[in-house]
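Here is the structure we will look at, set down as structure tokens.
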Amino acid sequence: MKSAIETALATRILVLDGAMGTMIQRHHLEEFDFREGAFEHHDKPLKGNNDLLSITRPEIIKDIHRQYLQAGADIIETNTFSGTTIAQADYGLEDAVYAINYESAKIAKEVCDEFTDRTRFVAGSIGPTNRTASISPDVNDPGFRAVSFDDLVLAYKQQVNALIEGGVDLLLVETIFDTLNAKAALYAIDEVFEERKIKLPIMVSGTITDQSGRTLTGQTTEAFLISLSHMPLLSIGLNCALGASMMRPYLQILNEKSTFAVSAHPNAGLPNEFGQYEESPQMMANQIKTFLDESLVNIIGGCCGTTPEHIRAIAEIAKNYAPRQFNLA
């Protein structure tokens, strides 16, 4: 039986939300905002640990979700990009991982339920962690690894269980720079599904780090696709690192080779010397129009630097196009 999101993909291009961090930055939050009501006595600085805001300032995260849904998003991502024990270890908050993921999923679902015009979906955001299983962080010891496959699987299982219990509709393994990390995430997801006797749709999204067309660990787009195609994915795609215009050649490869749906959520261009993203909503939408003219994608959204205004402009264009054809079997 097809899931609701598979049924929707057969009829239209779905719109994913935009950047969470960009929107949080607009609030100019301070240390207290990341501690209020839960972590006042924690012994490490917490400012910048945005995932905590689902617990300490949930009204901010809800409002961001709401703005993206009002702009036309069909899918919103949970505020859990760093929601693993591995990523939270930098803050000494491994014990907060369950609450981060559960509360993030719960509030995203609550906001989705406010919208009754059509079904909206919550994607559990699963980031790459801040460690790589394929590359040594020590140039003097190329055989060293800061994390093992088993460590990653354990961390991802904790995150996935909490996201499911919080009510997500699908899972999004995103910003993949090391495919071995992604394989650990997918292995963990598969184990959780087996243990819970459930299945949820899975989106996967990799990151091409520069115009060489390769991931950080050296895979081409086609190699990335092949190495993950053993899983029954809902979609495979690309996000982050590149703006829309530079992402197009690699989406063409996925369109040609992938039997799954194809997704893209590029940045609003490349950051300037101050780390700011300068592409306006209309500039970005015009570039994404080329994806749609060539029928390259089934799911389209935004990553770093994008806002509800960007998503609104993208949604306005996307509604005029039929989705890319792919095999739903």
- Query: Which percentage, to the nearest 5, of the DSSP beta bridges contained in the chain is antiparallel?
  - Reply: 5 percent
- Task: Starting from the amide H of residue 79, placed 1.01 Å from N in the peptide plane, find each other amide H under 5 Å away whose residue is 5 or more places distant or on another chain.
- Result: none
- Using the alpha-carbon centroid of each, what span in Å lies between region 117-150 and region 243-321? 24 Å
- Of 294, 36, 273, which has the largest mean-square fluctuation in a 10 Å C-alpha GNM of the chain? 273
- Note on the structure: Summing +1 per Lys or Arg and -1 per Asp or Glu among the other residues with Cβ less than 10 Å from residue 299's Cβ gives 0
- Query: Once you sort the root eigenvalues of the Cα gyration tensor of region 1-134 as a ≥ b ≥ c, which label holds: rounded (a/c under 1.5), prolate (a/b larger than b/c) or oblate (the other case)?
  - Reply: prolate
- What residue among 133, 119, 161 has its Cα farthest toward the positive end of the dipole of region 85-228, where the charges are +1 on Lys, Arg and -1 on Asp, Glu, each on the Cβ? 119
- Note on the structure: Classified through the alpha carbon gyration tensor (a ≥ b ≥ c as square roots of its eigenvalues; rounded if a/c is under 1.5, else prolate when a/b is larger than b/c, else oblate), region 123-243 comes out oblate
- Task: Please report, in Å, the Rg and the Dmax of region 4-318, where both are computed over Cα atoms only.
- Result: 18.3, 57
- Gaussian network model of the chain, springs between alpha carbon atoms under 10 Å - residue of 19, 73, 133 with greatest fluctuation: 133
- Nonlocal amide H pairs with residue 214, under 5 Å, H built at 1.01 Å: 209
- Item | Simple Cβ-charge dipole of the chain, Lys/Arg +1 and Asp/Glu -1, about Cα centre, in debye nearest 20 | 980 debye
- Item | Kirkwood Rh and Cα Rg combined as Rg/Rh, region 162-219 | 1.07
- Item | Relative contact order of the chain, pairs being alpha-carbon contacts under 8 Å that are 6 or more residues apart, as % | 19 percent
- For residue 116 paired with residue 2, estimate the spin-label separation in nm (one decimal), with each label point 7 Å from Cα along the Cα-to-Cβ line. 2.6 nm
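A short reminder: the numbers here are calculations on the coordinates, not readings from a lab. Model, not experiment: these values are computed from the prediction. Please note: Cβ atoms are built from the backbone with ideal geometry, for glycine as well, and neighbour counts cover all protein chains shown.
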